[in-house]
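Trainee: This is the structure I have questions about; it appears just below.
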Number of protein chains: 4
Amino acid sequence: MGRAHANALARLPMFFPDAPEVERHTLVGRDENALAEAADRFGFAHTATDWEAAIDAVDVFYNLGPNHVHAEPSIAALEAGVPVLCEKPLAPTLEEAAAMRDAAAATGATAGTAFNYRFVPAIRYAKGLIEDGELGEIRQVRGRYLQDWLVDPEAPWAWRMDADMAGSGALGDLGAHTIDLANFLVGEAVGGIDRVSGQLTTFVDERPVYADDDAAGEADAEVAEYRDVTVDDAYSAQVAYESGATGTFEATRVAEGHKNDHTIAVHGSKGSVKFSLERLNELEVLREGNRGYETVLVTEETDPYVDRWWPPGHVIGWEHTFVHESYEYLSAVAEGGSFEPSFADGYEVQKVLAAIERADERGEWVEV
Amino acid sequence: MGRAHANALARLPMFFPDAPEVERHTLVGRDENALAEAADRFGFAHTATDWEAAIDAVDVFYNLGPNHVHAEPSIAALEAGVPVLCEKPLAPTLEEAAAMRDAAAATGATAGTAFNYRFVPAIRYAKGLIEDGELGEIRQVRGRYLQDWLVDPEAPWAWRMDADMAGSGALGDLGAHTIDLANFLVGEAVGGIDRVSGQLTTFVDERPVYADDDAAGEADAEVAEYRDVTVDDAYSAQVAYESGATGTFEATRVAEGHKNDHTIAVHGSKGSVKFSLERLNELEVLREGNRGYETVLVTEETDPYVDRWWPPGHVIGWEHTFVHESYEYLSAVAEGGSFEPSFADGYEVQKVLAAIERADERGEWVEV
Amino acid sequence: MGRAHANALARLPMFFPDAPEVERHTLVGRDENALAEAADRFGFAHTATDWEAAIDAVDVFYNLGPNHVHAEPSIAALEAGVPVLCEKPLAPTLEEAAAMRDAAAATGATAGTAFNYRFVPAIRYAKGLIEDGELGEIRQVRGRYLQDWLVDPEAPWAWRMDADMAGSGALGDLGAHTIDLANFLVGEAVGGIDRVSGQLTTFVDERPVYADDDAAGEADAEVAEYRDVTVDDAYSAQVAYESGATGTFEATRVAEGHKNDHTIAVHGSKGSVKFSLERLNELEVLREGNRGYETVLVTEETDPYVDRWWPPGHVIGWEHTFVHESYEYLSAVAEGGSFEPSFADGYEVQKVLAAIERADERGEWVEV
Amino acid sequence: MGRAHANALARLPMFFPDAPEVERHTLVGRDENALAEAADRFGFAHTATDWEAAIDAVDVFYNLGPNHVHAEPSIAALEAGVPVLCEKPLAPTLEEAAAMRDAAAATGATAGTAFNYRFVPAIRYAKGLIEDGELGEIRQVRGRYLQDWLVDPEAPWAWRMDADMAGSGALGDLGAHTIDLANFLVGEAVGGIDRVSGQLTTFVDERPVYADDDAAGEADAEVAEYRDVTVDDAYSAQVAYESGATGTFEATRVAEGHKNDHTIAVHGSKGSVKFSLERLNELEVLREGNRGYETVLVTEETDPYVDRWWPPGHVIGWEHTFVHESYEYLSAVAEGGSFEPSFADGYEVQKVLAAIERADERGEWVEV
């Protein structure tokens, strides 16, 4: 994450010269040696192990740490009037997320949640179609995020599999992206999510900790111990929106053959769109009056952000979403304006995630 | 449906010469004039408006009528020792379906439910992979059936939108296919469905009855009245299998751009498969050790049923599933054996459909 | 081929009741025992080993024999006033093809060449778009026919690999289809093919004749001898049309991974279309004003021939093209009219094939 | 091009820290004002309008100018011992390209031709498969480069349409990429190209020069004059390799619906690969023993260059090819080694392009 954001900042001057000038001032971390090396590589002038001091020293704070260090430093920064862009999900608990949202509301400093997929040109193009009414009344949303890195039961245990440290598993890590993307695309049209049902599943209950990390996965690697997996390998949810529209969402880390397969589809009374992150330069569009989906390569000069990059047909990648995000965020900071997705947007996602967990525990639909 | 089955019977001798010889004896219906014309076209020697008499006259009974005439004649036939192949879903109510299942159990006559998608070569090939353990332990199933014929709110009202006549909407009509296909593919591996949650949605509450049927859909067509839609336009469900595997299912009649888009995907601990009815000659297979899905054209001599038809690469269509189905069913009848999907299989699907409806009404997960 | 046509005739009454009534009268062949069995299976009343006698006995003659028996019986039939539908390519030599064309011109009997791919609904739909000017002025055509059955150098020798018996290899067998399909789609718009360049290649110069045919391909199969392959495994050609439009064509029997992959693409000044035989229910259409290709499932009631079959989204297969072909051909016979593709159309294709061979021999572009 | 290379240099330190350190020293151009602005944006310390002086001042020279300024400065630099990376195609005439090749041979300075598509991870992965013999003996290559920016006859005239300035049209601009990519992938296996046939076509003979450039393409834009198009809008070629393998190549600027659709396919006696630039993170692979193409997302840590970027499944874009190219080129410079594609490689491509033109003029196959 740090690398993706550092790269984004580094690329702004050449491609977004109208973005505010950025100095990569202080890189915060725990291990001084590692910090020095990273700062050198990522172009930071200073390093710090004390985030409080660092916040005093900077004009903008990117909080890219693990979930459990999102709340306290972000709130402190906002209270000090320092704008914050915080990685998703906002916090491991809904309470902390609420505190962050409140801190953002109480300050004039620009607060943003880093849902980078909102900044894919094809997604922006889809959003434009929906806003212009080209899909008609929105009825159904379908989002899936499929990965395969936990298919193997012998894949090593990691902190992301621990409920205390990670909050949830596929739900928080992947589901957060899907829920936010759906909110972005259809939220204005269908309102918030009213009610959800949920199912969280863990297929592999314990995983090995290897004696030697680097040997993990090798056939003869020595297993030091087995530790419990206390989060979900996969979740699914059904949702009902205020307008009466419905949605189905799903993510899994055990779908063999899917690396980073985040797809979202929207059906309206006049048309449909389909998007896949693995082909992020494309959007499938069913326009009113057409008979089938049109495969649109969203790489025209007139497409969102594309004129900043390359000629038509020259595809961009995953990392470009971070450049667009920083461009928008820093521009908002410079203008003293607000940024979307805001902390309030991040909190809305968190509320849905919490509701899905609650629905799973209770075995019933719950209000968000 | 009648046409698809009549065609299947007519094609057996040329392509499945080892199938029992079939005489298309009596065509049953209500309107004598229409019957005569249909019998002539579909190659039936006799017609009848009285199904009881017809059952006396035949050796095998194909019950292809609407759902509400499935139970009584099928049970009567079975009680008379006449084998029955009945269209899906088995019955509009679970009670009737149970009675049919019991009648089948009490007789020696072969009873079958006409879930024709079990007889797609690509599906059989997938089933073989799963049986051979090539996907490993089955963890997740995902089925969707998307259609678009009710996208337009002015699409005409029909009996299929009435709960009394049709039972349910997308759920019974499309969901039955998906649930059965999942049972066929993974049922042996993961057991039955334990629990379900469900959501049934009607997006258009009333639809026009046009003064002149033929003018329906034209811009200036005169609407005689509006009638209530009392079934679902779309459903979704989450399911938990006995083994701990999970599934998500969904169908809709309002997905613009999707004509008959029935897809099913299965993920196991070693591999995955994906199938789409609109490309029914293909199967996407993620094999252990491979990096991506392999697009298999299931048209080799060694593929199920394919040696009966054409050389490799010469694709077959939807209707061929009915030929395979009749071949298997009639062969079972001739041998006095049982046939799958049986009435018991049809009843199992029905139980799941009923549970999904119940789950939707109660807003909670229910036992199947 | 015989099976595909017999099946087509058998299916007409149920699906094309307006087609002329057909009696499968006499099946002609060499081996009386095999004939009797085939006649029984394919529904023929009589058999004959003497084609001259058979022609006297029938009203219509389907000449489905190997290429070297196309000319004499077809000409005899036409001279006797018996309509002939002849399999493609018309003849092994251009001279024979010319004689056939002339015989057809001299008689009132309907003569047709059996290029069945003209009767794919998606191809007809594409043809309609081109006729309606939706692609604008046609500029480029691209056709490829890829198969893989000769990839393995140990695949057995067959008569199709002998120049005397087969004329040419991939060129005549596969290229004939592509050239005719291109003529059908764009011929009216761009005129005939003026000039061609060509390349014929044989990758495997001799192939085994196995002692035991059935063991062919098995690792330890005994090879009786090796025989020369005297035809092309693959060809490619560049063509210039009268209008100034251009084309590139190619076929191969050694493209690993391609079973029956016949594709054709047309680019005009306003739009483009792409078709693939392995997905024959689909057409990719780039319409003026759209940004990408639209994947059209050509299965609507309004699509060519589709109303005769199944509801929207219910796909048909390869064999249906033969039913459409026989429907059109027999209707033309009944009306005493002409049929396209005619013998003259078949001759045009043959002329192009001959020119491609000539161009390859001479190493230069040649006039057709 | 300048932008793509400047960006590549700027990104090396963060992602390829083992690359030589680079100072963007002097930016050369004609217009001092434009230069100053570009230098500022692209991070150059100095500017120059005199390339000779600039060459004296730098350690490495990137020649990114139009084709007609490739030869003289590149040769001068090489003679001065300054390494040169020159954009493709090497020169507008074969003579100049030969002089460049000779200059490179006569110096110790590293000379490279900037065929960036050699540096796509999926292409490198394909190259590895071919080198490892996984496709067996290579038999057929097929390359196409389809664009649509000249579909409209009213698209404005530009220097690229003038033979004196541009050499050729689609052939030199797009064909050069395809020929080089084929050489890279299969050159070692099949040797050089022996003979070619060619067809160059111009569909629109003259194009408008608009009174106001910015208004070009608008319906009411005033046309100042019409100028002749003296290069090809499209070319096709057939080629014969030394080994007996064959190839077909094609490019067009008038293929409606194709933005930057560069595809290449290779068939061997054991397998096949297919690549498309519009989906540059993917490779279609037909492996021995498999039944269909496997869609490989070439984004694993073990894939070429991928470990430098992002986690599995996080796609990269077109511009990354330039980063890889500069990494390899500058590393070669630092080590005093050679670089591929070299000037000799660039010359080989040029020879083929010239042969295709000659073949077109003569209407016959010509030796390369």
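Trainee: In the range C:327-364, what count of residues is obtained for those that are within 14 Å of chain D (Cβ to nearest Cβ), at negative phi and over 20 Å from the mean Cα position of the chain (by Cα)? So that I can check it myself, show each step before the final result.
Mentor: At the first step, the residues of the range C:327-364 found to be within 14 Å of chain D (Cβ to nearest Cβ) are C:355-356, C:358-364.
So of that shortlist, the ones also at negative phi come out as C:355-356, C:358-362, C:364.
Cutting the leftovers down to over 20 Å from the mean Cα position of the chain (by Cα) gives us C:358-362, C:364.
Residues that pass the stated criteria total 6.
Trainee: Could you tell me how many of the residues in the range A:312-362 are assigned to a loop (DSSP other than H, G, I, E, B) and either aromatic (Phe, Trp, Tyr) or touching a Ser or Thr at 6+ places or on another chain (Cβ under 8 Å) (or both)?
Mentor: Pass one, the range A:312-362, residues assigned to a loop (DSSP other than H, G, I, E, B): A:312-319, A:336-342.
Adding the requirement that they be either aromatic (Phe, Trp, Tyr) or touching a Ser or Thr at 6+ places or on another chain (Cβ under 8 Å) (or both) leaves A:312-316, A:318, A:336-339, A:341-342.
Residues meeting the conditions: 12.
Trainee: Right, here's the next one. Among residues belonging to the range B:220-242 that are without any contact (Cβ under 8 Å) to a residue 40 or more places away in the chain and over 26 Å from residue A:140 (Cβ atoms), point out the one that is surrounded by the fewest Cβ atoms within 10 Å (Cβ to Cβ).
Mentor: Among residues in the range B:220-242 that are without any contact (Cβ under 8 Å) to a residue 40 or more places away in the chain and over 26 Å from residue A:140 (Cβ atoms), the one surrounded by the fewest Cβ atoms within 10 Å (Cβ to Cβ) is B:220.
Trainee: A further question follows. Looking at the range A:132-148 only, could you name the residues that are free of Cβ contacts under 8 Å to residues at least 12 places away in the same chain and among the β-branched types (Val, Ile, Thr)?
Mentor: Of everything in the range A:132-148, nothing turns out to be free of Cβ contacts under 8 Å to residues at least 12 places away in the same chain and among the β-branched types (Val, Ile, Thr).
Trainee: Test residue A:276 against the stated conditions and say whether it is touching a helix residue (DSSP H, G or I) at 6+ places or on another chain (Cβ under 7 Å) and surrounded by fewer than 20 Cβ atoms within 10 Å (Cβ to Cβ). Quick ask: steps written out before the conclusion?
Mentor: On the way: touching a helix residue (DSSP H, G or I) at 6+ places or on another chain (Cβ under 7 Å): no; surrounded by fewer than 20 Cβ atoms within 10 Å (Cβ to Cβ): yes.
Considered against the rule, which asks whether it is touching a helix residue (DSSP H, G or I) at 6+ places or on another chain (Cβ under 7 Å) and surrounded by fewer than 20 Cβ atoms within 10 Å (Cβ to Cβ), residue A:276 comes out as no.
Trainee: Among the residues of the range C:40-52, what is the count of those that are touching a strand residue (DSSP E or B) at 6+ places or on another chain (Cβ under 6 Å) and either away from chain B (no Cβ under 14 Å) or farther than 12 Å from residue B:14 by Cβ (or both)? Give the derivation first.
Mentor: First, pick out the residues of the range C:40-52 that are touching a strand residue (DSSP E or B) at 6+ places or on another chain (Cβ under 6 Å): C:44, C:46-48, C:51.
Filter once more, so that each one left must be either away from chain B (no Cβ under 14 Å) or farther than 12 Å from residue B:14 by Cβ (or both): C:46-48, C:51.
Number satisfying all stated conditions: 4.
Trainee: State yes or no: is residue B:117 modelled with pLDDT of 95 or more, out of contact with any helix residue (DSSP H, G or I) (no Cβ under 6 Å at 6 or more places or on another chain), in a helix (DSSP H, G or I) and surrounded by fewer than 24 Cβ atoms within 10 Å (Cβ to Cβ)?
Mentor: On the way: modelled with pLDDT of 95 or more: yes; out of contact with any helix residue (DSSP H, G or I) (no Cβ under 6 Å at 6 or more places or on another chain): no; in a helix (DSSP H, G or I): yes; surrounded by fewer than 24 Cβ atoms within 10 Å (Cβ to Cβ): yes.
No: the conditions fail for residue B:117.
Trainee: Among the numbered criteria (1) in contact (Cβ under 8 Å) with a residue 40 or more places away in the chain; (2) surrounded by 20 or more Cβ atoms within 10 Å (Cβ to Cβ), which single criterion is violated by residue A:96?
Mentor: Residue A:96 satisfies every listed condition except (1).
Trainee: Shifting gears a bit: Looking at (1) more than 27 Å from residue A:187 (Cβ to Cβ); (2) within 14 Å of chain D (Cβ to nearest Cβ); (3) assigned to a strand (DSSP E or B), find the lone condition where residue A:256 falls short.
Mentor: Status for residue A:256: all satisfied but (3).
Trainee: Might you check whether a residue that is of a type in the set (Val, Ile, Thr) and assigned to a loop (DSSP other than H, G, I, E, B) occurs anywhere in the range B:79-93?
Mentor: Of the residues in the range B:79-93, the ones of a type in the set (Val, Ile, Thr) are B:82, B:84, B:93.
Adding the requirement that they be assigned to a loop (DSSP other than H, G, I, E, B) leaves B:82, B:93.
Scanning the range B:79-93 turns up at least one residue that is of a type in the set (Val, Ile, Thr) and assigned to a loop (DSSP other than H, G, I, E, B).
Yes/no per residue for (1) touching a residue at least 40 places away in the same chain (Cβ under 8 Å); (2) surrounded by 13 or more Cβ atoms within 10 Å (Cβ to Cβ):
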{"residue": "A:16", "(1), (2)": "yes, yes"}
{"residue": "A:30", "(1), (2)": "no, no"}
{"residue": "A:33", "(1), (2)": "no, no"}
{"residue": "A:40", "(1), (2)": "no, yes"}
{"residue": "A:50", "(1), (2)": "no, no"}
{"residue": "A:55", "(1), (2)": "no, yes"}
{"residue": "A:65", "(1), (2)": "no, yes"}
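Trainee: Something else about it: How many residues does the range C:1-43 hold that are closer than 15 Å to residue C:320 by Cβ and in a loop (DSSP other than H, G, I, E, B)?
Mentor: Residues in the range C:1-43 being closer than 15 Å to residue C:320 by Cβ and in a loop (DSSP other than H, G, I, E, B): 2 in total.
Trainee: Any idea how many residues of the range C:233-246 are facing another protein chain (nearest Cβ under 9 Å) and either part of a strand (DSSP E or B) or farther than 18 Å from residue D:245 by Cβ (or both)?
Mentor: Filtering the range C:233-246 down to residues facing another protein chain (nearest Cβ under 9 Å) leaves C:233-234, C:236-240, C:244-246.
Applying the additional criterion that residues be either part of a strand (DSSP E or B) or farther than 18 Å from residue D:245 by Cβ (or both) yields C:234, C:236-240, C:244-246.
Total meeting the criteria: 9.
Trainee: Given (1) at pLDDT 95 or above; (2) within 28 Å of residue B:162 (Cβ to Cβ); (3) assigned to a helix (DSSP H, G or I), identify the lone condition not met by residue B:62.
Mentor: Unmet condition: (3).
Trainee: Taking the range A:214-228 only, how many residues are at pLDDT 95 or above and within 14 Å of another protein chain (Cβ to nearest Cβ)?
Mentor: Number satisfying all stated conditions: 0.
Trainee: I would also like to ask the following. Of all the residues that make up the range D:283-311, how many are assigned to a strand (DSSP E or B) and either hydroxyl-bearing (Ser, Thr, Tyr) or within 8 Å of chain A (Cβ to nearest Cβ) (or both)?
Mentor: From the range D:283-311, those assigned to a strand (DSSP E or B) are D:283-286, D:294-297; that's our starting set.
So of that shortlist, the ones also either hydroxyl-bearing (Ser, Thr, Tyr) or within 8 Å of chain A (Cβ to nearest Cβ) (or both) come out as D:295, D:297.
Adding up the residues that qualify gives 2.
Trainee: Output the residue which, of all residues in the range D:259-278 that are assigned to a strand (DSSP E or B) and within 13 Å of chain A (Cβ to nearest Cβ), is farthest from residue D:146 (Cα to Cα). First the steps, then the outcome.
Mentor: If we filter the range D:259-278 for residues that are assigned to a strand (DSSP E or B), which is where we start, we get D:261-268, D:272-276.
Narrowing the set further to residues that are within 13 Å of chain A (Cβ to nearest Cβ) leaves D:261-263, D:276.
Numbers: D:261: 5, D:262: 6, D:263: 9, D:276: 11 Å.
Out of the qualifying residues, it is D:276.
Residues are listed down the side, and each one gets a yes or a no for (1) of a type outside the set (A, V, I, L, M, F, W, C); (2) more than 30 Å from residue B:201 (Cα to Cα):
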| site | (1), (2) |
| --- | --- |
| B:248 | yes, no |
| B:254 | no, no |
| B:258 | yes, no |
| B:278 | yes, no |
| B:289 | yes, yes |
| B:307 | yes, yes |
| B:314 | yes, yes |
| B:352 | no, no |
| B:360 | yes, no |
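Trainee: Sticking with this structure for a sec: Please tell me if residue A:129 is within 14 Å of chain B (Cβ to nearest Cβ), part of a helix (DSSP H, G or I) and modelled with pLDDT of 95 or more.
Mentor: Values: within 14 Å of chain B (Cβ to nearest Cβ): yes; part of a helix (DSSP H, G or I): yes; modelled with pLDDT of 95 or more: yes.
Judged against the criteria, residue A:129 is a match.
Trainee: Does residue B:250 meet the test of being out of contact with any Asp or Glu (no Cβ under 8 Å at 6 or more places or on another chain), part of a strand (DSSP E or B) and either more than 14 Å from chain C (Cβ to nearest Cβ) or more than 23 Å from residue D:285 (Cα to Cα) (or both)? First the steps, then the outcome.
Mentor: Numbers: out of contact with any Asp or Glu (no Cβ under 8 Å at 6 or more places or on another chain): yes; part of a strand (DSSP E or B): yes; either more than 14 Å from chain C (Cβ to nearest Cβ) or more than 23 Å from residue D:285 (Cα to Cα) (or both): yes.
In short, yes.
Trainee: Do we have any residue at all in the range D:206-219 that's exposed (fewer than 14 other Cβ atoms within 10 Å of the Cβ) and either under 30 Å from residue C:364 (Cα atoms) or β-branched (Val, Ile, Thr) (or both)?
Mentor: No, there is no match, as no residue in the range D:206-219 is exposed (fewer than 14 other Cβ atoms within 10 Å of the Cβ) and either under 30 Å from residue C:364 (Cα atoms) or β-branched (Val, Ile, Thr) (or both).
Trainee: In the range B:188-232, which residues are touching a Lys or Arg at 6+ places or on another chain (Cβ under 9 Å), among the aliphatic types (A, V, I, L, M) and in a strand (DSSP E or B)?
Mentor: Within the range B:188-232, B:193, B:196, B:209 meet the criteria.
Trainee: Of all residues in the range A:6-41, count the ones that are within 30 Å of residue A:307 (Cα to Cα) and either touching a Cys at 6+ places or on another chain (Cβ under 6 Å) or not charged (D, E, K, R) (or both). Can you show your working first?
Mentor: The first filter runs over the range A:6-41 and keeps only residues within 30 Å of residue A:307 (Cα to Cα), leaving A:6-25, A:41.
Narrowing the set further to residues that are either touching a Cys at 6+ places or on another chain (Cβ under 6 Å) or not charged (D, E, K, R) (or both) leaves A:6-10, A:12-17, A:19-20, A:22, A:25.
So the answer is 15.
Trainee: Determine whether the range B:252-265 contains at least one residue that is buried (at least 24 other Cβ atoms within 10 Å of the Cβ) and at positive phi.
Mentor: Yes - at least one qualifying residue is present in the range B:252-265.
Trainee: Further question on the same structure: Within the range B:151-167, how many residues turn out to be under 22 Å from residue B:249 (Cα atoms) and surrounded by fewer than 24 Cβ atoms within 10 Å (Cβ to Cβ)?
Mentor: Matching residues across the range B:151-167 total 3.
The values are calculated or read from the model by the stated rules, or taken from the named source; none is laboratory data. Note that the structure is predicted; figures quoted are calculated from it, not measured. Please note: Cβ atoms are built from the backbone with ideal geometry, for glycine as well, and neighbour counts cover all protein chains shown.
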